[in-house]
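Structure record follows, encoded as C-alpha cells.
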Amino acid sequence: MTSTEAPLPGGTRPTRQRRAVVSCLQGFDDFRSAQEVHELLRSTGDKVGLSTVYRTLQTLADAGEVDVLRAEDGEARYRRCSDSHHHHLVCITCGRTVEVEGPTVERWATTVAEQHGFAAVSHTLEVFGVCPNCA
C-alpha cells in the first residue's frame, strides 16, 4: 500500500467512494444525514451508493472521526469531529450547531460514576434550543 493508499480512519480501505464521503464531510460544519451527504455527492457528480455512504459514516463514527447526533425522529446526523471532547448546542429551528467545552459536566459525570462504582465512563451531551438568528 502506498502512502496515497493509507487506510482511512477506522482502518478501512481508501476506495474512491470512501474518499469522496470523507472529502464531502470537509465541506460543511453542520450536521447532515446520510441521505443529505449522498445528495451532496450526487450533486457534484460523485457516484457513491447510499449504502456506501451509510457504512462509511458509521465506520468514521465508530473511529471517533465524526460526531453523531440523533434527531428527534431518531435519524442519525453526522459532521466532522474536532480533536477534543466536547458537547453541542443545537438549534431546533435551523440545525446550527456550536461545539462547547463542558468542564462542569465532566466533573459531574465523574462524580456520579464514582458514587455508583462505575469505571471507564464516557458520555455525550447535546443541548437543544433556538439560536440567536432564529429567536
Can you compute 3J(HN,Hα) from phi for each residue in region 34-40, using the Karplus curve 6.51 cos²θ - 1.76 cosθ + 1.60 with θ = phi - 60°, rounded to whole Hz and x for Gly and Pro? 4, 5, 5, 4, 4, 5, 4
Residue-wise, which Karplus ³J(HN,Hα) couplings in Hz belong to region 22-29, taking 6.51 cos²θ - 1.76 cosθ + 1.60, θ = phi - 60°, and x for glycine or proline? 4, 5, 4, 4, 6, x, 8, 10
Per GNM of the chain with C-alpha springs under 10 angstrom, the most fluctuating residue out of E39, E106, E65 is E106
With +1 on each Lys and Arg Cβ and -1 on each Asp and Glu Cβ, and nothing else charged, work out how big the dipole of region 52-94 is about its Cα centre, in Debye to the nearest 20. 100 debye
If you restrict to DSSP beta bridges whose two residues both lie in region 61-129, what percentage is antiparallel, to the nearest 5? 70 percent
Interchain or sequence-distant (5+) residues whose placed amide H lies within less than 5 Å of the amide H of L125 are H88
Here the gain from full extension of R55 to V98, 0.36 nm per residue of separation minus their alpha-carbon distance, amounts to 12.9 nm
If you average 1/r over all unlike Cα pairs in region 83-135 and invert the result, what Kirkwood radius do you get in angstrom? 12.6 Å
Starting from the eigenvalues of the Cα gyration tensor, five times each then square-rooted, give me the equivalent ellipsoid semi-axes of the chain, largest first, whole Å. 30, 21, 12
Determine the dipole magnitude for region 83-135: charges of +1 sit on the beta-carbon of Lys and Arg, -1 on that of Asp and Glu, nothing else is charged, the reference point is the Cα centre, and the result goes in debye to the nearest 20. 180 debye
Just want the answer: with Cβ charges of +1 for Lys and Arg and -1 for Asp and Glu, which residue in S43, L60, Y78 is farthest toward the dipole's positive end in the chain? S43
Counting only DSSP loop positions in region 29-86, the trypsin sites (Lys or Arg not before Pro) whose Cβ has at most 10 other Cβ atoms within 10 Å are K47
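Going by average Cβ density within 10 Å per residue, which order do the peptides 19-29, 108-118 take, highest to lowest?
Ranking the peptides 19-29, 108-118 by packing returns 19-29, 108-118.
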Take the chain, connect every pair of alpha-carbon atoms lying under 10 Å apart with a spring to form a Gaussian network, then pick out the residue of S122, S51, S43 with the largest mean-square fluctuation. S122
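Might you report the magnitude of the Cβ-based charge dipole of the chain about its Cα centre, with Lys and Arg at +1 and Asp and Glu at -1, to the nearest 20 debye?
Dipole of the chain, to the nearest 20 debye: 580 debye.
Bear in mind these aren't lab numbers, they're just calculated from the coordinates by the rules spelled out. The model shown is predicted, which means the values in this text are computed figures rather than measured ones. Neighbour counts run over all protein chains shown; Cβ positions are idealised from the backbone, glycine included.
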